[in-house]
Amino acid sequence: MSIEQTLNDQLALHLRVNDLYADYAHTLDDDRLEEWPGFFTENGIYRIVTRENRELGLPLSVIYCDGRGMMIDRITAMRTANVYEPHVYCHATSDVRVLDANNGEIRTRSNFTVLRTMTSGETSIFACGRTFETLIEEGSKLRLRERIVVLDSRRIDTLLVIPL
Amino acid sequence: MAQTSAHNSDFVWPHKDSSRAPFQVYTDPQLYALEQERIFRGPVWNFLGLTCEIPNPGDYKTTFVGDSPIILSRGADGAINALVNRCAHKGALVCYKPRGNVSEFTCVYHNWTYSLAGDLTGVAFKKGVGGKGGLDADFDQSEHGLERLRVEVYGQLVFGTFSNETPPFAQFIGEELCANIDRVFVKPLKVLGYHSQVLPNNWKLYAENNKDSYHASLLHVFHNTFGVVRPNMGGGVKISPNGWHHLSYTVRNSDANDAVGAEKVRSLKDSYKLNDVRMMEHALELGDLTTNAIQTVFPTLVVQQILNALAVRQILPKGHERTELIWTILGFEGDDAQMQELRMQVNNLVGPAGLISMEDGCVGGWVQRAAGADPRAMTIMPMGGSGIEASEGSRVTEAAVRGFWTGWRALMGV
Ligand code: FES
Ligand SMILES: [Fe+2]
């Protein structure tokens, strides 16, 4: 392959990955949460962990979904059972990087900040940290086989109900 | 109780018993200051940590008792020390990292050093330089160690107290409530992780919430919504004779499934069903059928067993309208990979994003925001009478909450 070709492929992949991150964030921020599990493969894994636990080698997650079923249950619970004050997120995703792409598996990472706005209009920095993903191609779509959200902001204000 | 007070308070309890409390208790900075002295520095056992968090000589972790920063350390002799994390010199934090292992403590400001038990072992430039400066000859180093708390280890839980009057722990909470700690923490514990959650309310609102067995099925409707309420649930509320501590528990009746140690989730409604029931599975590891046990140790500890989600929660006051809740999520040494995975699944129910616990993160704040308008107005706690008696078979009672106020008033002298 020519250098030019390689570069084109890399660029194309980078654009696709960036689009995926943007679509993911927009889906959460637009409150289209029913579409959220669809970003994952059927057996996809979603975890929110804290940087502190991770660095201590501790396995606990703030949220742990093993498979789409658990993600759907999370959203159903949020819509029908859980009680919380209404709020919205605004994700700011940055420093998206494709780490490697081998045998159809693409590993990526990003940095993120989430601003949370309550119905009062008050906005606060709710979360910040890094995400680490494994993506695979399903049909023409990139899907998350795994997304691990690592919170630097491990001190969670009030509660966490909307996924990050 | 504390008779000499650094603070003046003309606060008077406005009701004849503890079935009403004025909103002022959540909003008054002066009462908060008085609590520091009379409760947190008073005759109570404050939870500090677990023995497994500092297994080796030189291990330390930092925590708080009320507003006091605390170092919990294990000495070279294996004994556990609780020290105020405040240098005897100018008062800097001696440990500013959350945990570590050291041979001695060094305050980096002017390099004074302390033993793991808090004795002052070294003063930099003690003899001055070139015969000038330094300490006076009559400076007695032995008088300038870190302030120490009395420590008691109950099972694997470490407690500290500033007071000489605090009775032994078993006496403090009573035999009946000790039995639940013994029941849950039957094997060597290991920490599976920590959660930190900031609650926008006075610490007492969360302390009360844990004792409020009345709200559980009303506020947290996850189980009902998904039809995972199990029939034939028994249980009740136990309260220490003085009212300060409690245990609220649920026991289910035996069924054929117990033989395999897994719990069948029964769907009562068709409207919603869990797609994945793994987080509701229950391995009967404690030798009984208790599904939920929430226990409080006055003032700030909660011991939790929810199915196989074991935890201790430490309530840390952070000013009169802010509280940090530290969840230490536990498993047992010797858990196999399958058991650990089960605990990780069940832990979706608890913590700051817990499907049956997140509501407790916000309700306190709603009270706090409404309380400020009229601090003399009162919250009422009429469910189950006005006393602090235990309740067998029903959790529709506010007796344990009244018990909390009974304890608070006794210590505050109001
Ligand atoms: S403040 Fe600690 S040595 Fe001076
Ligand atoms: Fe609750």
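Observations, loosely collected:
- For segment A:101-137, filtering for residues that are surrounded by fewer than 15 Cβ atoms within 10 Å (Cβ to Cβ) and either at positive phi or modelled with pLDDT under 95 (or both) leaves 4.
- Filtering segment B:97-114 to residues that are more than 28 Å from the chain's Cα centre (by Cα) and buried (at least 16 other Cβ atoms within 10 Å of the Cβ) leaves B:THR106, B:CYS107, B:TRP112, B:THR113, B:TYR114.
- Qualifying positions in segment A:56-71 - aliphatic (A, V, I, L, M), buried (at least 19 other Cβ atoms within 10 Å of the Cβ) and out of contact with any Asp or Glu (no Cβ under 8 Å at 6 or more places or on another chain): A:LEU60, A:VAL62, A:ILE63, A:MET71
- Those residues of segment A:50-78 which are within 7 Å of another protein chain (Cβ to nearest Cβ) and within 22 Å of B:ALA311 (Cβ to Cβ), in sequence order: A:GLU52, A:ASN53, A:LEU58, A:PRO59, A:LEU60, A:SER61, A:VAL62, A:ILE63, A:TYR64, A:MET70, A:ASP73, A:ALA77
- Meets criteria (within 10 Å of chain B (Cβ to nearest Cβ), touching a residue at least 40 places away in the same chain (Cβ under 8 Å) and either among the acidic types (Asp, Glu) or under 14 Å from A:ARG147 (Cα atoms) (or both)) for A:ILE106: no
- Any helices (runs of 4 or more DSSP H) falling wholly within segment B:300-414 and containing at least 1 residues that are in contact (Cβ under 8 Å) with a residue 12 or more places away in the chain, of a type in the set (D, E, K, R) and open to solvent by 10 Å² or more (accessible area, probe 1.4 Å): B:359-371, B:399-412
- Among the candidates B:GLY131, B:GLY122, residue that is within 16 Å of ligand 1 (Cβ to nearest atom), over 27 Å from the mean Cα position of the chain (by Cα) and outside the structural domain of B:THR300 (by TED's automatic domain parsing): B:GLY122
- Scanning segment B:341-388 for residues that are out of contact with any helix residue (DSSP H, G or I) (no Cβ under 6 Å at 6 or more places or on another chain) and either among the acidic types (Asp, Glu) or within 16 Å of ligand 1 (Cβ to nearest atom) (or both) turns up B:GLU341, B:ASP374.
- Helices (runs of 4 or more DSSP H) fully within segment B:170-226 that include at least 2 residues being within 14 Å of the chain's Cα centre (by Cα) and of a type in the set (D, E, K, R): B:203-211.
- Filtered residues of segment A:14-33 (kept if among the aliphatic types (A, V, I, L, M) and open to solvent by 40 Å² or more (accessible area, probe 1.4 Å)): A:LEU15
- Within segment B:168-200, being more than 30 Å from B:ALA353 (Cβ to Cβ) and either crowded, with 19+ Cβ neighbours inside 10 Å or touching a residue at least 24 places away in the same chain (Cβ under 8 Å) (or both) holds for B:PHE169, B:PHE172, B:ILE173, B:GLY174, B:GLU176, B:CYS178, B:ASP182.
- Residue match in segment A:34-55 (condition: in a loop (DSSP other than H, G, I, E, B), surrounded by fewer than 17 Cβ atoms within 10 Å (Cβ to Cβ) and free of Cβ contacts under 8 Å to residues at least 60 places away in the same chain): no
- Residue check, B:GLY236 touching a Ser or Thr at 6+ places or on another chain (Cβ under 8 Å) and either within 16 Å of ligand 2 (Cβ to nearest atom) or not in a strand (DSSP E or B) (or both): no
The values are calculated or read from the model by the stated rules, or taken from the named source; none is laboratory data. Source: prediction; values computed, not measured. With ideal geometry, Cβ positions are generated from the backbone for all residues, glycine too; neighbour counts draw on all protein chains shown. The protein model used for the area step is the full one, side chains on, heavy atoms only, and it has no ligands, DNA or RNA in it. Shrake-Rupley method; radii C 1.70, N 1.55, O 1.52, S 1.80 Å.
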